Every structure is written in structure tokens, then in C-alpha cells.
Amino acid sequence: MSETIQHMNTSTAPPTMFAPPPLGPMTVKTIARHRRALQAMDAAAVSFRKLRVKHWDSVARKMDSWEGLSGAYHRRLTELFKFCVPPNQRVLEIGCGRGDLLASLEPSEGVGVDFSGEMIRRARQRHPHLRFIEADGHELQLDETFDFIILSDLLNDAWDVERLLRRVHKLCMPSTRVIINYYSRLWELPLALAERLGLAKPNLRQNWLTTEDVTNFLHLADFEVLRHSAEILLPLDVPLLAGLCNKYLIRFWPFRWFALTHLLIARPRPSQPDDSEQVSVSVVVAARNEAGNIQAIFERVPELGTGTELIFVEGGSSDNTYEVIQETMARYPERRCKLFKQPGKGKGDAVRTGFAHATGDVLMILDADLTVAPEDLPRFYEAIRTGKGEFINGVRLVYPMEQQSMRFCNLLGNKFFSLAFSWLLGQSIKDTLCGTKVLWRKDYEKIAANRSYFGDFDPFGDFDLIFGAAKLNLKLVDLAVRYRKRTYGDTNISRWKHGLLLLRMAAFAARRIKFV
């Protein structure tokens, strides 16, 4: 079973790479002792690397004729990574072995790195369309960046995990996602027993890391964790039982405690932008029977960044909403405005229509009922501009609400669905139906391009965006707002009809996001 450990790219740097700590006033004897300790550390690191290169070269030769019991484990890992990495991305895998996982991701540009010459030779033969480099991940020098960086079964065998992750950080853009899987220490004895019984290839001594260990290493290397999940309860190809264990049971307590491996997705911690780095904004307002709120929208929506574009999408109003928007636009010629008739039905269709015509770098949704105050929009803008999040979701359930702004049953339903969807998505999402949501236009274009994965299922528009953002591994951030009662018109939400629809969407999300 330990043959399931994929080849790991680890080693030490040459002695010159180990910089001694700053020295204060020291005696000659103290300096000599320091030098001897440094040389001993260098020697241990070099020995560590030589031993592992020899081991993985040997493993590569054996894999030509025998793979042991690792097939089911690696097939499941491939499924998980393919879910996280869309095709046609720039992908780097450090510790790539024979390159099979990298090739399965169908990258537009795939680069595999490994310090085993035998592994690299086989990778080049098996996947000639990809680029493979014989190098140590600790010392990797590439003058390029990637959309995704894969470290599969690598950290358990690394000499210096923090140093390796710092090297990875140099290859990242702000949008890069680093995907890591690592073994659970709970499996140390079962894997060792399998080796003794001859069911698995012998393995070298491992770093047995907890999730807290890996999270701390990432923190020290200037990454932040986006999602974590326990994976693979049964690493054997048992019909029906393997699927039940690895897709379903592993998601629940207490089964998740017995996972063989853990999958973790991280992003580079965003740097604080300069105040001069401003961007443009498009605010989309879906307006149906909201004639009495239009004037206030023009008056209260602020100019943000380098400018705010107001986009109204009117859909089947029984009052004169469309005409009021036209008249108000004429009275405010200084405001950049667009007005469209909604081609279909539902708020989701209206939002997609508005986004399709938006030109701003940042896209915002503002409900025309003004239950979320336009004066809150600068807070959303700063949250996304400064990198606090990549999908900013308004939350109405933190501060006390104005009287009569939300009925009690609606409040209970919203709290239930916040818990359900947070569990399903692997990130906190406290209020799924707050109308104010903000994201980068470039990320929305990716969501739209991959909409076929979920289909056109959402009349609200909220879940199309939330599910799409989760699938793209965007950083979701909740932003608390004060929820106010309507001053004009009636809500378009039906408590029971739409509550049942939300239950269907939760089941849909479970199938497409959680149990994959």
C-alpha cells in the first residue's frame, strides 16, 4: 500500500545554499563549533537527497513491470485533481514522477519537475507533449509563473517543507492555486505492515504531517488556505464499496478521521495594493416593479475607483419602472448608465444580461429594493481591491435587522441554508440569498465559460455565481451589512415555493461539488 506514495522531489541545496544565522561577538572556539554544526547539517541534507534519488530511481525501474496496489489510490487522486484544475491551464507539478497525473489534467502548458533521472526519462517517453525538468524542488529556478502548482505526496518526503514552499511562492501569480495532498499519520502502521508483507514497495522514512503542520508551513511561506478536505477511505479497487467510501462516507464524521490523505488548496497571501491602484466598477441593478426606488439609486450609488457604471435590467414590470429609469437617466447625464429589457425571466437571467454588457473591472449586484444600502458598496469595493477576497458576499444575518425587514420563517431558513452551503462548499457562506455580491469581471468570465458543468439551473442568479466561484477555488469572503425594510413595492420571493427550490439546489450542489 505504501507504493501509493507518488515519487517525491526532495533534496537539500548545495552547502552554499545554507546561510548561517547572523553572528554577534564570538570567540574563535564558538565560531569553529558553529562551522562544524553547519557542515554537519549540510552533510545530512546531502545524504538525505542522495538516498532518495537512489530510492526513487529504483522505484521507477520497478514500476515498468509492477505497480503493486497503488492503482486505485492514484485513480482516485486523479479524479480529485481533475475536479480542482480545469483543462487548458498552465500547470506545474513538482515531484511529478512519470508525469501521469500532470498529463491527466490536460494543461495548455504542463511542466513536470523531479530529481530522479529515471522518473524524468520515463515521463518524457510517456508524455512527449509535456515539458519535464530534472531538478530539485528546493532549488528550482524557472522564469515563469503558473495557474496551478501541484504538490502530490511530496511534503511527506521533503527535507525542508518551508523552504520548498517559499520556492513555490516565487512561481505564483496572485491568482495561482497551489494544490497539495499529503498522508495522514494514522496510516503509518498499516502502510509499514503492508511493506513487511510484501504487498507494497519499501518506502523511506516520512515526515508525518498534520493539517495544522501544513497550514503553519503555508502561513510561514506567505500562503493562505482556501479549502481542506479528508480524502480516500478505501485505497483499494473494490467495486461499489470503494465509491461509497471515497465519495460519500469520507465526508461525514467519524469516517473522515480515517482518511488516508488530505487535500488542501491555498493561494498566495495578497499584498497590500497602493492606494493609487484603482479599478473601474459596474453595478448591475435588476429592476422589476421598482419605479419608486429608481431616483434613490441614482442619488445614493457612489462613484467608486476610476468610475462607476450603472446597468439597469428591467424585467416584466407591471408598473412604469422602465420609463422611470429612462427619465431619470436623462436627468443625470453625468452618470454612466445603460438600460436593457430583460430577454428572459428571473433575477438570474437579469444579472447575466447586465454582466454581459458590463465594462468595469469589478462587477457588483445591487438589489433595486435598497434593502442593502448603496452606501455599503465602498466596503465591498475595498474588500475586493485589496485582495481580502475574490468573491465578496453580503451577509444580512449578523447585525440586528430593521423591524419587518425579514419574516421569522425566512430568517430561520436563511440560517439553515447558510450552514448547509458552508458545509457543501468548504468555505463559509453565511447568507446565500443576500442580493449584493461582488467579483472580478475576469473571474465571472471563467464562471460563465464553465457554466455547462452546473447548467442553467438557478432563477435567482446567486447560486450560479456561488457554485461557480467555489468550483474555481476563489476566496469567498462574507461582508456583514445592515438589512433594511422596503420603502416601496413588495418582495418577489415566495417563502415556501423558493424554500423548496433552495432544498433542490442544496442537493444539486452536493452532487456536483461535495460528493465528487
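What does the charge add up to near Phe132, with Lys and Arg as +1, Asp and Glu as -1, over the other residues with Cβ less than 11 Å from its Cβ?
+3
To the nearest 20 debye, what is the magnitude of the charge dipole of region 42-129 about its Cα centre, counting +1 on the Cβ of each Lys and Arg and -1 on the Cβ of each Asp and Glu?
220 debye
So for the chain, taking the charge dipole from beta-carbon charges (+1 Lys/Arg, -1 Asp/Glu), which of Ser428, Met119, Ala287 sits furthest toward the positive end?
Met119
For helix 321-331, report the angle its Cα long axis makes with the longest principal axis of the Cα atoms of the chain; keep it between 0 and 90° and round to the nearest 10°.
Tilt relative to the chain: about 90 degrees.
Below 10 angstrom from the Cβ of Glu224, what's the summed charge of the other residues (Lys, Arg +1; Asp, Glu -1)?
Values: positive: Arg267, Arg269, Lys475; negative: Asp222.
The answer is +2.
Would you mind ranking Met63, Met401 by Cβ crowding within 10 Å, fewest neighbours first?
The most exposed by this proxy come first: Met401, Met63.
I'd like the orientation of helix 462-471 relative to the chain: the angle between its Cα long axis and the longest Cα principal axis, in ° from 0 to 90, rounded to 10.
Once rounded, the angle reads 10 degrees.
Hey, got the dipole for region 159-219? About the Cα centre, +1 on K and R Cβ, -1 on D and E Cβ, debye to the nearest 20? Intermediate values should be presented prior to the final figure.
Details: 9 positive and 6 negative charges, 54 e Å.
So the dipole magnitude of region 159-219 works out to roughly 260 debye.
Please state the shape class of region 107-220: rounded when a/c is under 1.5, otherwise prolate if a/b exceeds b/c and oblate if not, all from the C-alpha gyration tensor.
Values: a/c = 2.23, a/b = 1.26, b/c = 1.77.
Judged from the Cα gyration tensor, region 107-220 comes out oblate (a/c at least 1.5, b/c at or above a/b).
Tell me which residues come under 5 Å, amide H to amide H, from Lys338 once H is placed; ignore anything under 5 positions away on its chain.
Those lying under 5 Å, H to H, from Lys338 are Leu310, Ile311, Phe312.
Grab the Cα-Cα distance for His228 and Glu277, subtract it from 0.36 nm times how many residues apart they are, and report the gain in nm with one decimal.
14.4 nm
Using unit Cβ charges (K, R positive; D, E negative) and no other charged atoms, how large, in debye to the nearest 20, is the dipole of the chain about its Cα centre?
Approximately 1220 debye in magnitude.
Can you work out the FRET efficiency for the pair Arg185 and Tyr332, with r the C-beta to C-beta distance and R0 = 51 Å, to the nearest 0.05?
Working: r = 64 Å, r/R0 = 1.25.
With a Förster radius of 51 Å, E is 0.20.
How much length is gained if the chain between Leu193 and Glu303 is pulled fully straight, taking 0.36 nm per residue apart and subtracting their Cα-Cα distance, in nm to one decimal?
Taking Leu193 through Glu303 to full extension adds about 33.0 nm, to one decimal.
Among Phe146, Gly346, Val53, flag the residue with its Cα farthest along the positive direction of the charge dipole of the chain, charges on Cβ as +1 for Lys/Arg and -1 for Asp/Glu.
Checked the options; the winner is Val53.
Tell me, in nm to one decimal, what length is gained between Ala480 and Arg131 on full extension, where the rule is 0.36 nm per residue of separation less the Cα-Cα distance?
121.0 nm
Taking the Cβ of Gly387 as the center, what net charge do the other residues with Cβ under 11 Å away carry, scoring Lys and Arg +1 and Asp and Glu -1?
Net local charge, Gly387 excluded: +1.
Highest mean first, how do 289-298, 153-162, 450-459 rank when packing is the count of other Cβ atoms within 10 Å averaged over residues?
Packing proxy ranking, top to bottom: 153-162, 289-298, 450-459.
How much of the DSSP bridge set in the chain is antiparallel, in percent, rounded to the nearest 5?
Antiparallel bridges make up about 35 percent of those DSSP assigns within the chain.
Throughout, read-outs are computed from the coordinates displayed, never taken from laboratory work. In this text the structure is predicted, and so the values were computed from the model without any measurement. When we count neighbours, we look across all protein chains shown, and the Cβ atoms used for this are built from the backbone with ideal geometry, even at glycine.
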